[in-house]
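All of the numbers you see were taken from the coordinates with simple rules; none came from a lab. On a predicted model such as this, the values are computed, not experimentally measured, just so you know. Cβ placement follows ideal geometry from the backbone for every residue including glycine, while neighbour counts extend to all protein chains displayed.
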Amino acid sequence: MGGNLKFVQGNEACVEGALYAGLDFFAGYPITPSTEIAELLASRLPKTGAKFIQMEDEIASICALIGASLTGCKVMTATSGPGFSLIQEGLGYAIMAEIPCVIVNVQRGGPSTGIPTRVHQGDVNQARWGTHGDHAIVALTASNHQDVFAMTVEAFNIAETYRTPVVLLFDEVIGHMRERLVLPEHGEIAMVERLKTSVKEGVDYHPYLPREDGRLPMSDFGGVHRYNVTGLYHDMWGFPSDDSDVVDGLLRHLMDKIENQAAHFPKYREFYTEDADCLFISYGSAARSARHVVERRRRLGERFGLLELQTLWPFPHDIVKEKTAGARYIVVVEMNTGQICQSVRLAVSRPERVFLANRIDGVLITPTDIQRVIRLIYGKGF
Amino acid sequence: MPVKDYIRERFFPHIWCSGCGHGTVLNVLIRVIERLGLNKSDIVIVSGIGCSSRIAGYLDFHTMHTLHGRALAFATGIKLNRPELNVIVPMGDGDALAIGGNHFIHAARRNIDITAIVMNNRIYGMTGGQYSPLSGYGIFASTAPYSSVDQSFDVAELAAAAGATFVARSTTYHVNEAAQMIQKAILHKGFSVVEIMSQCPTYFGRKNRQGDAVDMLKYMRDTTTPIGSGAKGQNPELIERGVFVNKELPEYCSAYDEVIRHAMEGR
């Protein structure tokens, strides 16, 4: 146990999670507040024979990842707001070509260069809709280092299972704060390895023909099956097609595999949700302050609860709906102008009971900030 | 092997206009690969976007049709993780040098063992004849109806300055020479660039009154000359063909293997 106990930054917890998951290749570009991830991996990866490259920009980083993933590697990049904007182009390609990859965004303040060294959670909707065209996406987050580790591992598992990019939306506070991390033993967390095709050499392999369960077994570039990969709408051979049935079928497949399958397993944590009169919904570093308020209120005998989201996309409508059913008030605690609050309002019955407790000045939202909103809702005395 | 064994007949006919030079490059590339006796499963073709980039899908290798300008970045991820594969990146001039210009210079700088073939027809064909960074001053295009005031640059000079360790140029008129250049480039260990001047009679030729494909081929014959020829001395306007750079420098994948060795030894 002692050897597995570390005191680390969140960015380092992410690195440990990626290495645990079997990361083979990292491509990235320096950007605050994610840079430690690249620095640590530049040192750690070659020690295991894996590879690190610093590309000329984030566009190139995501492209290199996709190429590497096609050779059979588990791949990851890490960035922040402006870099995440550049990554959107390649992210769309990875969605279309169904390439497993993990993209970490340690959020800082935006828009534009914004406030590089301070915390915001303003990229939540960018993660959902940043790349053009209709599509589905998986985005996970975490509020503490043990969960940063676990969600990073989970991101690789989801990426491999559904052949999809997965976005890890951390934030500056989580990335730079230090706290304890217990590294799990090898094998303690189940890993999903890439599903490889069983089609033999010389037999026609269809890289984009889903099995009955919706999964697409892959064949590595350099292997016995030679096929085409494209960002255009494509048929089961991966060859460009503008046939309306092919276009319709592919887009539905890309949506369904995430919205209907991956959505079945949303990750979340809950604290006193069963009987909460006032339920907080929060995520990332903001959830730490929300939890603090909940614990304090509970000690006073007041029925406060917290639903901490870890899967942000696909948005866990059903869970939110179910957990908020009995609450009189729902307070979304986040550090933006209400990006998840919007989704919560769409998910719950009687959305007029949803309130936003936020902070958008680059400072971590405090329990006091949240208390002020509670006082507004409940009136004096709170 | 016959040429048809290297192509995916299922995906023909190709999309190129009649008289386009890109089919010639496809033919040359296949013949070089046959001559070198390369195994089809050891070749990866990575292309970007544009007329030239469709070359990838027609070839029966591992093929990847990527994003506009980004092919070399994708190829870098492939090559670094599977250095034993031959990675060839056919690109158009706009693809390689406008939107992809940054990736181009950094792939050259790293000296990663990839062969970039720049099929330079000095125009954006797929979108209908807009001027490219290689069109040059005084050229007519759909976005330069009064003629272009943009200067062009020389691909070979750019590649050499950026650090490519093999740089050559030929044309679709000089098919045997083009084949030699591509063959040398594939065999070269390091980042190699071959510019193949190619004709686009549909847009460049028509807008600039250069005649049909045959006229354009003759024009390339008459306006180019081998490096160091006497003709260049008499007419400095002539564009030189041949090998401009051929040198040895540490190749990126091999150099990174050294990094791994040091890291594993704890240094």
**OP:** Please identify, among A:GLY214, A:GLY301, A:GLY72, the residue showing maximal mean-square fluctuation in a Gaussian network model of chain A using a 10 angstrom Cα cutoff.
**Re:** A:GLY301
**OP:** Using a cut-off of under 14 Å, list every residue of segment A:61-99 whose amide N is near the label point 7 Å from the Cα of A:THR48 along the Cα-to-beta-carbon line.
**Re:** A:73-76
Subject >> Label-point separation, A:ASP243 to B:VAL3 (7 Å along Cα→Cβ), nm >> reply: 2.8
Original post:
Can you sort B:TYR137, B:TYR146, A:TYR227 so the residue with the fewest Cβ neighbours within 10 Å comes first?
Top reply: B:TYR146, B:TYR137, A:TYR227
Subject >> Sequence of A:LEU376, B:LEU158, A:LEU364 once ranked by neighbouring C-beta atoms within 10 Å, starting from the fewest >> reply: A:LEU376, A:LEU364, B:LEU158
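Which of the residue pairs B:LYS207/B:LYS232; B:LYS189/B:LYS218; B:LYS79/B:LYS247; A:LYS74/B:LYS79 have a Cα-Cα distance greater than 23 Å in the structure shown?
In this structure, B:LYS207/B:LYS232; B:LYS189/B:LYS218 exceed 23 Å between Cα atoms.
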Subject >> Calculated FRET value between A:THR117 and A:ARG372, using beta carbons and R₀ = 22 Å, to 0.05 >> reply: 0.30
Original post:
What dipole magnitude, in Debye to the nearest 20, does the protein assembly as shown give about its Cα centre under +1 on Lys/Arg Cβ and -1 on Asp/Glu Cβ?
Top reply: 840
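Multiply the residue separation of B:VAL214 and B:ARG10 by 0.36 nm, subtract the distance between their alpha-carbon atoms, and state the gained length in nm to one decimal.
70.5 nm
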Subject >> Under Karplus coefficients 6.51, -1.76 and 1.60, residue-wise ³J(HN,Hα) of segment B:53-62 in Hz, glycine/proline x >> reply: 5, 5, 4, 4, x, 7, 9, 8, 10, 6
**OP:** With a point put 7 Å past each Cα toward its Cβ, work out how far B:GLU258 is from A:SER198 in nm, to one decimal.
**Re:** 4.6
Original post:
So, in Å, what gap is there between the alpha-carbon centers of segment B:159-191 and segment B:89-106?
Top reply: 16
Subject >> Order of B:MET119, B:MET264 - criterion: other Cβ atoms within 10 Å of each residue's Cβ, fewest first >> reply: B:MET264, B:MET119
Subject >> Between segment A:315-382 and segment B:219-249, the Cα center-to-center distance that results, in Å >> reply: 70
Original post:
Which is the longest stretch in chain B that no exposed loop site breaks, taking sites as GluC sites (Glu not before Pro) with a DSSP loop state and at most 15 other Cβ atoms within 10 Å?
Top reply: B:85-236
**OP:** Can you tell me the dipole magnitude for segment A:268-378 around its Cα centre, using point charges on the Cβ only (Lys, Arg +1; Asp, Glu -1), in Debye to the nearest 20?
**Re:** 280
Subject >> Sparsely packed trypsin sites (Lys or Arg not before Pro) within segment B:155-242, loop by DSSP, other Cβ within 10 Å at most 14 >> reply: B:ARG209
Original post:
Cα centroids of segment A:143-208 and segment A:221-265: how far apart, whole angstrom?
Top reply: 21
**OP:** State, as an integer percentage, the relative contact order of chain A based on alpha-carbon contacts under 8 Å between residues 6 or more apart.
**Re:** 16
Original post:
What percent do you get for the relative contact order of segment A:67-171 when only Cα pairs under 8 Å and 6+ apart count?
Top reply: 33
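Distances over 16 Å make up what percent of all Cα-Cα pairs in segment A:268-378?
Tail fraction, whole percent: 52.
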Subject >> Of A:GLU154, A:GLU334, A:GLU302, the one that fluctuates the most in a GNM where chain A has Cα springs shorter than 10 Å >> reply: A:GLU302
Original post:
How large is Rg/Rh for segment A:2-182, to two decimals, with Cα atoms and a Kirkwood Rh?
Top reply: 0.93
Subject >> Stokes-Einstein D in µm²/s, Kirkwood radius over Cα pairs - chain A at 10 °C with 1.306 mPa s viscosity >> reply: 74
Original post:
Normalized C-alpha radius of gyration of the protein assembly as shown, against 2.2 N^0.38 Å?
Top reply: 1.06
Original post:
For A:GLU188 and A:THR337, what does the FRET efficiency come to when R0 = 35 Å and r is the distance between their Cβ atoms, rounded to the nearest 0.05?
Top reply: 0.30
Original post:
About its Cα centre, what dipole magnitude does segment B:14-264 give when the only charges are +1 on Lys and Arg Cβ and -1 on Asp and Glu Cβ, stated in debye to the nearest 20?
Top reply: 200
Original post:
Where in segment B:170-257 are there chymotrypsin sites (Phe, Trp or Tyr not before Pro) that are in a DSSP coil and have at most 13 other Cβ atoms within 10 angstrom of their Cβ?
Top reply: none
Original post:
Over segment A:80-121, what is the relative contact order in whole percent, taking alpha-carbon pairs under 8 Å and six or more residues apart?
Top reply: 42
**OP:** Could you pull out every one of the lysines with an alpha carbon less than 18 Å from that of A:LYS321, ignoring same-chain neighbours closer than 8 positions?
**Re:** A:LYS267
Original post:
So which trypsin sites (Lys or Arg not before Pro) in segment A:181-217 pass both tests, a DSSP loop state and at most 15 other Cβ atoms within 10 Å of the Cβ?
Top reply: A:LYS200, A:ARG211, A:ARG215
